[in-house]
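Novice: This is the structure I want to talk about, given as structure tokens.
The values are calculated or read from the model by the stated rules, or taken from the named source; none is laboratory data. If you're wondering where the values come from, they're calculated on a predicted model, not measured in any experiment. All Cβ positions, even for glycine, are placed from backbone atoms using ideal geometry, and neighbour counts span all protein chains on display.
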Amino acid sequence: MAGASGFVGQRLCVTFDRAGHDVVAMTRNPAGYRGAGTPVRGDVQDPATLEPAMAGCQAAYYLVHSLKDADFEHKDATGATAFGEAAARAGLRRIIYLGGLGDETDDLSAHLRSRREVENLLGTGGVPVTVIRAGIIIGHGGISWELTRQLVEHLPVMITPQWVATRTQPIAVEDVVRYLAGVLEPPAASGRVYEAGGPEVLQYSTMLRRVAAIEHRPLLLLPVPLLTPWLSSLWLTLVTDIDTGTGRALIDSMTNEVIVRDHSIRDLIPIQPMSYDDAVRAALRERREAQQAHS
């Protein structure tokens, strides 16, 4: 599991560990790893560490990205290439990657273009790559969710750019984990690209208003057409703890409509995804529990 300590990876490791799978958690710092599975040293930017980390494995999950880095496109490309080649040498039968939604005919942001490039580069060694593309993932600790929550909690009045009218299809992190786990074994999933989303297509403005309603907070949105992505990212940095680089990459992506066009994953994994409001409540509940555990 590359990205075992991340937002999605830590949950996926727990799921497989509880199911009785032997989980190898790849991390740059095995001594400091506290999650499920057996930690092994591995760094996608250090190719020599990858093949030993994969020894004895049959499949690998790739949940790595470098969004905080200014050169994230280059780092993600080199990391994916090294990982795919190492997986082939280690004899892996499948790589599973969590990518991003977005229409190929659209002018995709640098972030979403990078996600598509990684899909292709992971397969350069010849190992079949199964991709699940998702949009905004709702769950405690997720960057996009934290952005939404903090905006609502810090600003009762928002001067908002045009991207708040963009449509997206948010999905609960629990459902993303179920989809990722569900494509591990079926032969039909090998080498396939799937799209995953929750049951509702929503504008960002609607998502903000519904979080405010759930938290019983006042919220007034005042759209301003001239608020550029650069200004938006600076604004986010002032009112949230999201760093400028990540904020800019996310804002750029919010101009792209990210909704599910291909529903074939429902045939393979027939689950009922959580509603947006229920996903928000679950994320807020997990945050409260985490705060109580640390108090």
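Novice: Please verify whether the range 54-77 includes one or more residues that are buried (at least 22 other Cβ atoms within 10 Å of the Cβ), more than 25 Å from residue 111 (Cα to Cα) and not hydroxyl-bearing (Ser, Thr, Tyr).
Specialist: Checked the range 54-77: at least one residue is buried (at least 22 other Cβ atoms within 10 Å of the Cβ), more than 25 Å from residue 111 (Cα to Cα) and not hydroxyl-bearing (Ser, Thr, Tyr).
Novice: Okay, moving on. So which residues in the range 99-136 are of a type in the set (Asp, Glu) and within 19 Å of residue 265 (Cβ to Cβ), if there are any at all?
Specialist: Across the range 99-136, the qualifying residues are 103, 104, 119.
Conditions tested, residue by residue: (1) over 30 Å from residue 269 (Cα atoms); (2) in contact with a helix residue (DSSP H, G or I) (Cβ under 6 Å, 6 or more places away or on another chain); (3) among the aliphatic types (A, V, I, L, M).
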{"position": "142", "(1), (2), (3)": "no, no, no"}
{"position": "156", "(1), (2), (3)": "yes, no, no"}
{"position": "164", "(1), (2), (3)": "yes, yes, yes"}
{"position": "191", "(1), (2), (3)": "no, no, no"}
{"position": "197", "(1), (2), (3)": "no, no, no"}
{"position": "212", "(1), (2), (3)": "yes, yes, yes"}
{"position": "219", "(1), (2), (3)": "yes, yes, yes"}
{"position": "223", "(1), (2), (3)": "yes, no, no"}
{"position": "237", "(1), (2), (3)": "yes, yes, no"}
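Novice: Still on this structure, please answer the following. Could you name every one of the helices (runs of 4 or more DSSP H) located completely within the range 225-295 that has at least 3 residues being touching a Phe, Trp or Tyr at 6+ places or on another chain (Cβ under 8 Å) and either within 16 Å of residue 211 (Cβ to Cβ) or modelled with pLDDT under 95 (or both)?
Specialist: Fully inside the range 225-295 and qualifying: 244-253.
Novice: Mind listing just one residue for me: the one in the range 173-224 that is part of a loop (DSSP other than H, G, I, E, B), of a type outside the set (D, E, K, R) and in contact with a Leu (Cβ under 9 Å, 6 or more places away or on another chain) and, of those, surrounded by the most Cβ atoms within 10 Å (Cβ to Cβ)?
Specialist: Only one residue tops the list, namely 197.
Novice: Residue check: is residue 98 among the hydrophobic types (A, V, I, L, M, F, W, C), in a helix (DSSP H, G or I) and in contact (Cβ under 8 Å) with a residue 60 or more places away in the chain?
Specialist: In short, no.
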